[in-house]
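The values are calculated or read from the model by the stated rules, or taken from the named source; none is laboratory data. All values derive from a computational prediction rather than experimental measurement. Counting neighbours? That spans all protein chains shown, and the Cβs are built from the backbone with ideal geometry, glycine included.
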Amino acid sequence: MLPFFSIIIPTYDRPQQLNICLHSLAILEYPRDHFEVIIVNDGSETPPEKVISTFYKNLNVTLLTQIHAGPAAARNTGAAKAKGKFLAFTDDDCMPSPDWLQVLAANFTHKPYCIIGGRTINLLTDNIYSTMSQLILEVVYRHYNGDPHKCRFFATNNLALPANLFRVIGGFDTTFTTSEDREFCDRWLYHGYQMTYAPEVIVYHAHSLTFSNFLRQHFDYGRGAYRFHQVRARRGSGRFRTELKFHLNFRNWLLYPLSKVKGHRVVFLAMLISVWQIANAFGYLWEMVTSIINCYGYGRIRLYFKCKINQILKIRVSPP
């Protein structure tokens, strides 16, 4: 018997992309009475009702609306209303392949208690920023998912899992606006569950980026990385030092992306690799400093460092 899936898609002010996404779901090669589509409007200025209404005849689609709270909260909102045995997450700028649910169902037949993560293919190959963003994802997957049966990270644009276990571990952490998928995967493993990579589970991605979008995206990922490591340390599921292997593996994050392009694009891609690393580092430091200031207050921190500087200069001062 084929399992029932709940496809959950958060959306925020991208009606054109959502329309294309729903078209791809309308041609899924899977019985219509064995899956539902839940669209969660995350407080869009332009409500997506008109886009969704055209698919009511072809899809079992439900629209939920919430105040703008980010993709983690939107996915939790959708999961709370889901009826499926399995939850399948993707994004509004993605197009699952026609056999997406078929292949997921086949994988769950053998591993019903795992997260199944699939492969994402970039459709905007002429956009160097979108290409670089996809290569970064591949670099991350190469590092964390080297053994397809002992994976550690999947992005939420192509991820499926048992609905009951999603609820057992508490869903996505809504305090994260980025890196919520990274935190969720780490918590999933901490609870003793497994993750499996299935490259035959394919989703096509069409996320158009500019230089400023790319810069902001990876700055925000850096901020999310700091919060992730703080939460992870409190949970006891890992240390920051173990992640240094990723940054020290130049063959993976530097040579691999460069090997995927040719001609004059190599130079531009090398520049974007530097931008990625710098933006990520600045985002990490920004979130760290902001967290310290919020915790201790600017005045106390300023006084502390003034005291330390004076101590270094061997000037006697009163302690703060």
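Can you report the number of residues in the range 159-200 which are closer than 22 Å to TYR221 by Cα, polar (S, T, N, Q) and touching a Lys or Arg at 6+ places or on another chain (Cβ under 8 Å)?
Adding up the residues that qualify gives 3.
Does HIS149 satisfy being in contact with a Ser or Thr (Cβ under 8 Å, 6 or more places away or on another chain), surrounded by fewer than 19 Cβ atoms within 10 Å (Cβ to Cβ) and either in the same structural domain as PRO96 (by TED's automatic domain parsing) or not charged (D, E, K, R) (or both)?
Numbers: in contact with a Ser or Thr (Cβ under 8 Å, 6 or more places away or on another chain): yes; surrounded by fewer than 19 Cβ atoms within 10 Å (Cβ to Cβ): yes; either in the same structural domain as PRO96 (by TED's automatic domain parsing) or not charged (D, E, K, R) (or both): yes.
Taking the combined requirement at face value, the residue satisfies it.
Where residues in the range 165-183 are in a helix (DSSP H, G or I) and touching a residue at least 24 places away in the same chain (Cβ under 8 Å), which of them is nearest to VAL140 (Cα to Cα)? It would help to see each step written out before you state the result.
Pass one, the range 165-183, residues in a helix (DSSP H, G or I): 165-168, 180-183.
Keeping just the survivors that are touching a residue at least 24 places away in the same chain (Cβ under 8 Å) gives 165-167, 180-183.
Values: LEU165: 25, PHE166: 23, ARG167: 27, GLU180: 15, ASP181: 13, ARG182: 11, GLU183: 15 Å.
The extreme case among them is ARG182.
Given the criteria touching a residue at least 12 places away in the same chain (Cβ under 8 Å), of a type in the set (D, E, K, R) and under 30 Å from GLN230 (Cβ atoms), does ASP147 qualify?
Numbers: touching a residue at least 12 places away in the same chain (Cβ under 8 Å): no; of a type in the set (D, E, K, R): yes; under 30 Å from GLN230 (Cβ atoms): yes.
For ASP147, the condition - touching a residue at least 12 places away in the same chain (Cβ under 8 Å), of a type in the set (D, E, K, R) and under 30 Å from GLN230 (Cβ atoms) - is not met.
Among (1) more than 15 Å from PHE153 (Cβ to Cβ); (2) basic (Lys, Arg); (3) at pLDDT below 90, which single condition is LYS245 missing?
Status for LYS245: all satisfied but (1).
Residues in the range 110-145 that are among the aromatic types (Phe, Trp, Tyr) and surrounded by fewer than 17 Cβ atoms within 10 Å (Cβ to Cβ): how many?
Going residue by residue through the range 110-145, those that are among the aromatic types (Phe, Trp, Tyr) are 113, 129, 141, 144.
Those still in the list that are surrounded by fewer than 17 Cβ atoms within 10 Å (Cβ to Cβ) too: 113.
Qualifying residue count, the range 110-145: 1.
Can you pull out the residues in the range 234-268 that are within 20 Å of the chain's Cα centre (by Cα) and small (Gly, Ala, Ser)?
SER237, GLY238
Give me the strands (runs of 3 or more DSSP E) completely within the range 1-109, filtered to those with at least 1 residues that are out of contact with any Leu (no Cβ under 6 Å at 6 or more places or on another chain) and of a type in the set (Ser, Thr, Tyr), ordered by residue number. Reasoning before the result, please.
Numbers: elements: 5-11, 35-42, 61-66, 86-89, 94-96.
Per the criteria, 61-66.
So for the range 61-69 (the condition being more than 19 Å from ILE202 (Cα to Cα), of a type in the set (Val, Ile, Thr) and touching a helix residue (DSSP H, G or I) at 6+ places or on another chain (Cβ under 8 Å)), does at least one residue qualify? Write out each step before concluding.
Residues of the range 61-69 more than 19 Å from ILE202 (Cα to Cα): 61-69.
Right, trim to of a type in the set (Val, Ile, Thr) and you get 61-62, 65, 67.
Pick out the ones that are also touching a helix residue (DSSP H, G or I) at 6+ places or on another chain (Cβ under 8 Å) and you get 61-62.
Scanning the range 61-69 turns up at least one residue that is more than 19 Å from ILE202 (Cα to Cα), of a type in the set (Val, Ile, Thr) and touching a helix residue (DSSP H, G or I) at 6+ places or on another chain (Cβ under 8 Å).
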